[in-house]
Amino acid sequence: MLFTLPDHATLYRALLERDARFDGQAFVCVATTGIFCRLTCPARKPLAQNCTFHDTIGACIEAGFRPCKRCHPMQAAARAEPVIAKLLEALEADPGRRWYESDIVALGLDPSTARRAFKRHFGMTFLDMARQRRLREGFTALSEGAKVITAQHEASFDSPSAFRQAFAKLIGCAPGALSRDAALQASWIATPLGDMIAVSSARHLHLLEFLDRKALPAELTALRKSTPGGIGVGRLAPTVQAETELSAYFEGRSARFETPLAQGGSAFARAVWQALREIPAGETRSYSQIAEAIGQPSASRAVARANGANQIALMVPCHRVIGADGSLTGYGGGLWRKQRLIEIERAYAPQRGPKNAGLGISPGPA
């Protein structure tokens, strides 16, 4: 368990007050309706004697309750906060807009409240997210064959230098350095937990990382140097398959990933990554348990290093590895994101498929 539930009276009071502090950490099951909800659900409040509380979605499902259609407890908790929902809707309506704090005020929202809410749920501010979204528009334009100047305008940057600097800071190279004929092609994948970069060859996915991972520029540079022709921009078949599978994952439909993967690294690292893929969604392991699983029980620290060197997030689920005491440990995508992923996967525990489903790692580039 990641959280210890307070007593029934405390949780019922939180339900009545729609206390956001418990959102995603506790769920209420209502005996008279057979549904379970977030504590922030806007629906009419049930009587205390009809409520039971659980700390996981999986526990609610196992108890025979179905998810509420008003508060959608199966979705990420972030959108339950009105300030986040309102700003995300505004961003989707006009993705190319250049946002300022004055725009947030014009929507009737407090900038400091928005800043704290976005940092808590996404590890970045709304203005950071909006800037990242504009870069996505530029990246998409490049992947569709547009010239850099066109991509700059698509991303709503006033000057070519500002676009190049922002692009280089995020991706690790200037947009002009991305070859159009390279064997490896990079593309942008949007997810509810932040945008990701996918790099694929014609047959395999080579990299899948959240954009704010600090190691991403170095990882892309290493891939570019190790591949004749460097990295281009485009959407090859493995990236398309990865995006489809990620969409199903975040929508709560499937935790199976069958995109063919190409992973380098040592034989030891590949053994660790294989063991990670064998952890069922909804479960976690410690570093020592992974070390035992690969037949090297004294190699916990080496397992931790291999775990951190994984370049294919979610599909090789390094987020499922926690401390031996049950605490969250380091994660390149941010501990806030690791917690969200574990929460999301609790819903998959009762319905997971065969233990070895979705394996098939290629030993190297192709």
Subset tally (residues that are crowded, with 18+ Cβ neighbours inside 10 Å and assigned to a loop (DSSP other than H, G, I, E, B)) for the range 295-319: 8
Residue in the range 213-223 that is in a helix (DSSP H, G or I), more than 30 Å from GLU251 (Cβ to Cβ), modelled with pLDDT under 70 and of a type in the set (S, T, N, Q) present: no
Total residues in the range 25-64, condition closer than 20 Å to ALA281 by Cβ, crowded, with 22+ Cβ neighbours inside 10 Å and either in contact with an Asp or Glu (Cβ under 6 Å, 6 or more places away or on another chain) or not aliphatic (A, V, I, L, M) (or both): 3
In the range 256-282, the residues that are touching a residue at least 60 places away in the same chain (Cβ under 8 Å) and out of contact with any Lys or Arg (no Cβ under 7 Å at 6 or more places or on another chain): ARG256, PHE257, GLU258, LEU261, ALA262, GLY264, ARG270, TRP273, GLN274, ARG277
Every residue from the range 92-123 that is at pLDDT 75 or above and either under 26 Å from VAL199 (Cα atoms) or not in a helix (DSSP H, G or I) (or both): GLU92, ASP94, ARG97, ARG98, TRP99, TYR100, LEU107, GLY108, LEU109, ASP110
Residue under evaluation ARG235, criteria (1) basic (Lys, Arg); (2) touching a strand residue (DSSP E or B) at 6+ places or on another chain (Cβ under 6 Å); (3) more than 20 Å from HIS206 (Cα to Cα), criterion not met: (3)
Subset of the range 185-212 (residues that are in a loop (DSSP other than H, G, I, E, B) and farther than 19 Å from CYS318 by Cα): ALA190, SER201, ALA202, ARG203, HIS204
Candidates ALA78, ALA151, filtered to the one that is modelled with pLDDT under 80, touching a His at 6+ places or on another chain (Cβ under 6 Å) and either surrounded by 15 or more Cβ atoms within 10 Å (Cβ to Cβ) or in a helix (DSSP H, G or I) (or both): ALA78
Single residue of LEU223, LEU236 found to be surrounded by 21 or more Cβ atoms within 10 Å (Cβ to Cβ) and in contact (Cβ under 8 Å) with a residue 24 or more places away in the chain: LEU236
Counted residues, the range 26-75 - those being assigned to a loop (DSSP other than H, G, I, E, B) and either touching a residue at least 60 places away in the same chain (Cβ under 8 Å) or under 19 Å from GLU251 (Cβ atoms) (or both): 9
Selected residue [modelled with pLDDT under 90, part of a loop (DSSP other than H, G, I, E, B) and surrounded by 21 or more Cβ atoms within 10 Å (Cβ to Cβ)] from GLY333, GLY265: GLY333
When residues of the range 12-24 are limited to those that are part of a helix (DSSP H, G or I) and in contact with a Cys (Cβ under 8 Å, 6 or more places away or on another chain), the one surrounded by the fewest Cβ atoms within 10 Å (Cβ to Cβ): TYR12
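The values are calculated or read from the model by the stated rules, or taken from the named source; none is laboratory data. Keep in mind that this is a model prediction, so the values were computed, not measured. Note that we place each Cβ from the backbone using ideal geometry, even for glycine, and neighbour counts take in every protein chain shown.
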